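Only one structure is covered here, and it is reproduced in the block below.
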Amino acid sequence: MGAFLLPLPLKALLLALTAFSLLPDLATSKHTGITRHYKFEIRHQSITRLCHTRSVVTVNGQFPGPRIIAREGDRVIVKVVNHVANNVTLHWHGIRQLRSGWADGPAYVTQCPIQTGQIYVYNFTITGQRGTLFWHAHISWLRATVYGPIVILPKRNVPYPFAKPYKEVPIIFGEWFNTDPEAIVSQALQTGAGPNVSDSYTINGLPGPLYNCSARDTFKLSVKPGKTYLLRLINAALNDELFFSIANHTLTVVEADASYTRPFKTDTILITPGQTTNVLLKTKPHFPNATFLMSARPYVTGPGSFDNSTTAGILQYHQPNSSASHSKLPLFKPTLPPLNDTSFATNFTKKLRSIANAQFPAKVPQTVDKRFFFTVGIGTSPCPKNQTCLGPNGTKLAASINNVSFIQPTTALLQAHFFRQSNGVYTTDFPNNPPFPFNYTGTPPNNSMVSNGTKVVMLPFNTNVELVMQDTSIIGLESHPLHLHGFNFFVVGQGFGNYDPKKDPSKFNLIDPVERNTVGVPSGGWVAIRFLADNPGNCSKYSTVYTYEMKP
């Protein structure tokens, strides 16, 4: 299980993976769309779920937050005003940020946080993307409540590569905590153990009828018979990959991470934290005289604790000439895969392919200039003196890549580079390969201690990059979703066991691999991606979040 995608004080590893250069004046950048203005007020709002009321950090008092709607080619300007005591940044997850790296949003990476009473304006143009993405807070665990959808429509008069849907509905999965998530993170940092899990999952902020004291807090989607609906699915949960299904209905996958895919039908989808998936829902031709649960619950790997509950919404059919109550109709429930169904997860991800036609080509790098091999997993750090730690053998759990656990700086990395003041902020010696090779998915080494540092990789502009990410068994095998900021990439291969650089590349798909910005490293396996480092000035990074402690 494991994972989401932010370099938080709690957990995360950052790797800068592209060339840096001076950013051009955004006012001179060319775009073909219009400018869309939004104002986000960061405020506390009293919200009740599961019979627990607490003050949560929100945008404009909404949970989830407001929807960003734009077309490909539009410029988006978001004025953020921070009225809370917490430092805040916002990340526009999946937006490529071409020549607008300052607007990406991760705290202490591309910007310093927005402090209490401060205003920050995010300014970026959506280039070459259409589909569904989302935005979220990118500091600590504020993203537990600070998130919302990004809907990117095609340019005007440009159709979808599928039949135009009757309606489009964002569905965003999240979590609800009866206690303050910031207190949970603080406790985990102090003890070095995994943080407490959520009290429920949510669909559009609502837990649904399967939880106690939650029948009224249920998302309901009213549909008409014989229509096609585009569901824009977003996983904004902190750590958990989710299965999702609608009882007695089939979904057609048509897009992943704002890139069109070759359509395929499925009863259930798997969606990793940070991923988005657009699906077509074809409703029944006639009123079915029934209602249907649409449910989500976790896909579980690894030894960590998890929320094993199920969130649900209700799909109900519109009855134009009836006053009968939907509550009196039969309610059908979907059959979701078992919690640990790795076979389903593997088969689902293998079905994802790019359209790879003349209109939407799959520009997969056919040659490689730079190769990286990253081990991803959980290790340990020593317990500070005069402190009790609850990790293995009195240590603190720590995530790492190539045995490096990220130390968050106090100066934003992009700022340090821009002003040529990187000395003492970061070093450029991040290892290309594991410093200590071992049987990555077999018996773990005796020494589980990680090293610590703020290290980056510098790449020349237009470098073709191949990166293989390998799960490790040091603390326990588990899936690790990872997100690359500022770039899309192609998932050219994956498998189980240890990656074999002599045999596995011959199986890579270099024709029509799926294009994504977030991918799950399989539990006990590996995934290979390729991308072109064509975004100068962007301080891009791989970041991964685990339910384990990292260096503050």
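Magnitude of the charge dipole for the chain, about its Cα centre and with charges confined to Cβ atoms of Lys, Arg (+1) and Asp, Glu (-1), is about 1460 debye.
Checking every one of the chymotrypsin sites (Phe, Trp or Tyr not before Pro) in segment 409-479 against DSSP loop status and a limit of 10 other Cβ atoms within 10 Å picks out Phe419.
Fully extending the segment from Thr35 to Lys167, taken as 0.36 nm per residue of separation minus the present Cα-Cα distance, adds 45.1 nm. Taking the accessible area of the chain, probe 1.4 Å, and keeping the other protein chains in place, the carbon and sulfur fraction comes to 50%. With distances taken between every two different alpha-carbon atoms, segment 65-110 has a Kirkwood hydrodynamic radius of 12.4 Å.
Per-residue extension of 0.36 nm, minus the Cα-Cα distance of Thr53 and Asn439, leaves a gain of 134.1 nm for this segment.
Scattering from segment 230-354 was approximated by placing one identical point on each alpha carbon and applying the Debye formula without solvent; log10 I(q)/I(0) at 0.10, 0.11, 0.18 1/Å stands at -0.35, -0.42, -1.00. With all protein chains kept in place, the per residue accessible area of segment 188-333 amounts to 36 square angstrom at a probe of 1.4 angstrom. With angles folded into 0 to 90 degrees, how steeply does helix 181-191 sit against the dominant principal axis of the chain? Use alpha carbons for both and round to 10. Computed tilt is about 30 degrees. Label positions at Asn178 and Asn452, each projected 7 Å from the Cα along the C-beta direction, are separated by 3.4 nm. Relative to the dominant Cα principal axis of the chain, helix 342-351 is inclined by about 80°.
Centre-to-centre, using Cα atoms only, segment 475-504 and segment 79-149 are separated by 27 Å.
Our estimate of slack between Thr428 and Leu153, defined as 0.36 nm per intervening residue step minus the Cα-Cα distance, is 95.1 nm. Surface calculation, 1.4 Å probe, protein heavy atoms: Asp267 sits at approximately 90 Å² accessible. Counting only the Cα atoms, the chain fills a convex hull of 150 Å³ per residue. Across segment 273-335, the volume of the C-alpha convex hull divided among the residues equals 132 Å³ per residue. Per residue, the average separation of C-alpha pairs within less than 8 Å and at least 6 apart gives the chain a relative contact order of 21 percent. Segment 385-406 and segment 153-201 have Cα centres separated by 27 Å. Lysine pair count for segment 284-438 with Cα-Cα distance under 23 Å and sequence separation of 8 or more or different chains is 5.
The Rg/Rh ratio for segment 143-286 is 1.02, where Rg is the radius of gyration of the alpha carbons and Rh is the Kirkwood radius. With all pairs of separate Cα atoms included, segment 205-267 yields a Kirkwood hydrodynamic radius of 14.4 Å.
Using the alpha-carbon centroid of each, what span in Å lies between segment 409-453 and segment 282-325? Segment 409-453 and segment 282-325 have Cα centres separated by 44 Å. Over all pairs of different C-alpha atoms in segment 57-137, the reciprocal of the mean inverse distance, the Kirkwood hydrodynamic radius, equals 13.3 Å. Annotation: the antiparallel percentage among DSSP beta bridges lying fully within the chain is about 70. Helical runs assigned H by DSSP (4 residues or longer) give the chain a calculated mean residue ellipticity at 222 nm of -1500 deg cm²/dmol, each run adding -39500 (n - 2.57) before division by the residue total. Size descriptors for segment 401-468: radius of gyration and Dmax over Cα atoms are 14.9, 46 Å.
Dipole orientation for the chain: of the candidates Leu90, Leu315, Ser100, Leu315 has the Cα lying most toward the positive pole (charges on Cβ; Lys, Arg +1; Asp, Glu -1). Annotation: the antiparallel percentage among DSSP beta bridges lying fully within segment 24-162 is about 70.
The values are calculated or read from the model by the stated rules, or taken from the named source; none is laboratory data. Note that the structure is predicted; figures quoted are calculated from it, not measured. Please note: Cβ atoms are built from the backbone with ideal geometry, for glycine as well, and neighbour counts cover all protein chains shown. Keep in mind that these areas ignore ligands, DNA and RNA; they rest on the heavy atoms of the full protein, side chains included. Shrake-Rupley method; radii C 1.70, N 1.55, O 1.52, S 1.80 Å.
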